[in-house]
Each structure stands twice: as structure tokens, then as C-alpha cells.
Amino acid sequence: MSAANWRNAMNSGAGRAAMRGFRGQTPISAPRTQARDRGLTPIWRHIGARHVLVLAFLLAFPWFATPFFTYQIGAQSLALGLIALSLTFLGGYGGMISLAQMTVAGVAGYTLAILGTSAVAEISLKWPWWLAVPMAVATATLAATFIGWLSVRTEGIYTIMITLAIGVAFYYLCLQNYSVFNGFQGFQQVYAPAVGPLSFRDPVAFYYLALFCALAGYFFVSYLLRAPFGVALQGIRDNARRMNALGFNVTAHRVAAYAVAGAMAGVGGVLFTWYNGLVTPGSVGTSWMINVLVIAVLGGMRHPLGAYLGAVVFVLLQTFAIDMIDRERFNLVIGMVFLAIVLFSPDGLLGWWAGVRQKLTLRGGSR
């Protein structure tokens, strides 16, 4: 983490007050404009040629890919990647591994189905989509905040167990409750809306909707990580006791991180529900909770892009691995890939690629 970023965090009110208490004087810091120029440079200054090429490929993808690849591979990967991005933000930059991110996404999906339109007419309230979607995301954010409030006072394995217990409890609540969640059948025919002549049930239109949300999540996280809140959150990840001594409210930062991650998971949950056209207890079961963790680790939890890269790999394996082996053996394939990544590249595919680039650079320099 750069010194400029730390100066940015120290320029906040909490940082200045803490440093006065520690040193008995006002800390030496760069002027506000200088700190902003160094720590919070506009996002477009970090965009290079490779980013432009990737963006051009994503925008042009539906024009040379079949509707199957556009919808089944592209749109699904973007929706899952946004949910995995919420875990990457919590785990990679906050040091908090939560297994309840798919639960939060499921809360958004169930809220959308209950407030909106579905095949279960006696439960769904048939609100318009422009009202049901914000309520679904807001409910997911509140649920994530509550989960964070419960779990941030613990660390390590205890945080994982608390979030897992909450996820399992929500799964059985949906499975056994028929008056609100319609039991094991869940809600069918939860379709994406039509806005004028544009129908988001169309593969191309839904792909661009998912792409817009995925890019918004990526740039938002990239910006937030360089903002004072993100820098402080990374400091809490590295040494929570020291950040608390400096005057930062560790618990408040962690709960706020859960709320931010919950909003991203909520948007991803709405997209994933529209993609499937349904939401059932199976959508929030333990298998999907583990799958989100696998996606985040596959891509790499040290960069927001890793969530989407891991989602692409996961969806490709899920789609085509069953053609080579039995469907029941899919989890074995995912487990083997996950084990190989953890053993040979703990930082995921992005970490492996960074290592390859470094070796190629060293070889080129030695010549």
C-alpha cells in the first residue's frame, strides 16, 4: 500500500485525532489537493490499452457469439461474478471470509419474487419492477448489514462458521416455510422486465444489462479501494489492533464493508434470479454458498477482476464438463481444479498470470 494512500486515510478526521493523541501534535501530511491527486486519481488515468481491448471484446461479444454463449456463458458469468466480487471485497480487502454472500443474493431474489410478479400469484404482490428491484437490493443490504453486525466481532474460522450457520438457517427457512417462501417449490416465472420496446428476456439485452452492472461494480470497488474508507479497511485487515489504536472504529468499518458487499450481492442476486427465471431453496443451498467461494478463489482475491475471471472458468466447467463426464461428477472436477489452484497458485489465476509475466520479463531482461 502506497504512502500516499496512507496519507489520504490519515487526512480523515479519525486519523488526525488519533495521531494527535499518539504524538501530542498535528501529524505531518500532504495538502489535501496533493493527497487527492496522488491517492484518488481519476479512474480513467488507470485505464490502459489492455483495458480498452477487454472492454471492446465484451461489448462486441454478442455480435460474434451465438445466443447460447451470450446468455448461458456471458450473462451468467457476469451475474455470478458480481456476487463473487462482494466476497472478494470482503475477503481480499477486509480479511473477512463470508459464506453468506449467496444467502444475501438469495434474499434479494426472494424479495423480488415476493414483491414482483411470479407464477405463485397468491403470494407475489405484483409490484412494478422499478419498485420491486430497489426494494430487493435494499433488503439484501439490510440483511448483509445484520450478518456483518453478528459476525465482525469474531475472526477467522468463527466468522466462517457464523456466516455458514446463517446461510444454512435461511436455506431451511425457505425450504419449510410455505406461506412466504412457497417451500421447496420456490417461485417460478420470475422474468426480467420489458422497458418499452426493449425486453431484457432477450439474450443480447440481458447480457448488456449484466455487463453494465458488472462494470459498475468493478469500477466502484476499484475506486473505493483507493478512497480513505478502502485504505482504512485494508489497514484493519492487516492489523486491526493498530488501526483501533489510531482512532479508527474497526467494528463500524467492517459492518459498513458488509453493507457495501451486500448491495453488490443484491444486484447480482436480482440478475441471477432473472437469468434462471426462478428462485428456490436450491438457489441458496450450501452448494451455491461454496461455489461462490470457489469462484472468488479461482480468479484471485487480490484484484476485483479475479471474481469475473473465476466466474467464467466456473461457468465453462459447469457447462461443458458434464459432456465429458457424468453430471454427478461435476463437483469432483471443480474440486480438482480448486485444489490445483490453491496448491500451485494461492493467488488464483491472476496470481499465476502475474508470476508468468514476471518470469518472462526477467528472461527478457537477462538477454
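The values are calculated or read from the model by the stated rules, or taken from the named source; none is laboratory data. The structure displayed is predicted, hence computed values, not measured ones. No Cβ is skipped: glycine too gets one built from the backbone with ideal geometry, and neighbour counts run over all protein chains shown.
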### Message
Which pairs turn up if I take residues in region 193-214 that are polar (S, T, N, Q) and look for partners that are assigned to a loop (DSSP other than H, G, I, E, B) with beta carbon separation below 9 Å, at least 6 apart in sequence or on another chain?
### Response
199/192; 199/193
### Task
Give region 294-308 a look and list any residue that's buried (at least 21 other Cβ atoms within 10 Å of the Cβ), in a helix (DSSP H, G or I) and touching a residue at least 60 places away in the same chain (Cβ under 8 Å), or say none.
295, 296, 299, 306, 307, 308
### Query
Residues 254, 241: which one is crowded, with 19+ Cβ neighbours inside 10 Å and of a type in the set (Lys, Arg)?
254
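Is it the case that some residue within region 112-132 is within 17 Å of residue 251 (Cα to Cα), buried (at least 23 other Cβ atoms within 10 Å of the Cβ) and touching a residue at least 24 places away in the same chain (Cβ under 8 Å)?
no
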### Task
Report, by residue number, each residue of region 227-256 that is touching a Ser or Thr at 6+ places or on another chain (Cβ under 8 Å) and either of a type outside the set (Val, Ile, Thr) or more than 18 Å from residue 144 (Cα to Cα) (or both).
228, 232
### Summary
Checked 102, 135 against criteria (within 23 Å of the chain's Cα centre (by Cα), more than 22 Å from residue 219 (Cα to Cα) and among the aliphatic types (A, V, I, L, M)); the one match is 135
### Task
Could you grab me the full set of residues in region 85-105 that are part of a helix (DSSP H, G or I) and among the small types (Gly, Ala, Ser)?
86, 91, 92, 94, 105
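Residue-by-condition table, conditions (1) of a type in the set (Lys, Arg); (2) part of a helix (DSSP H, G or I); (3) farther than 18 Å from residue 279 by Cα; (4) modelled with pLDDT of 95 or more:
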residue: 155; (1), (2), (3), (4): no, no, yes, no
residue: 171; (1), (2), (3), (4): no, yes, no, yes
residue: 174; (1), (2), (3), (4): no, yes, no, yes
residue: 201; (1), (2), (3), (4): yes, no, no, no
residue: 206; (1), (2), (3), (4): no, yes, no, yes
residue: 211; (1), (2), (3), (4): no, yes, yes, yes
residue: 222; (1), (2), (3), (4): no, yes, yes, no
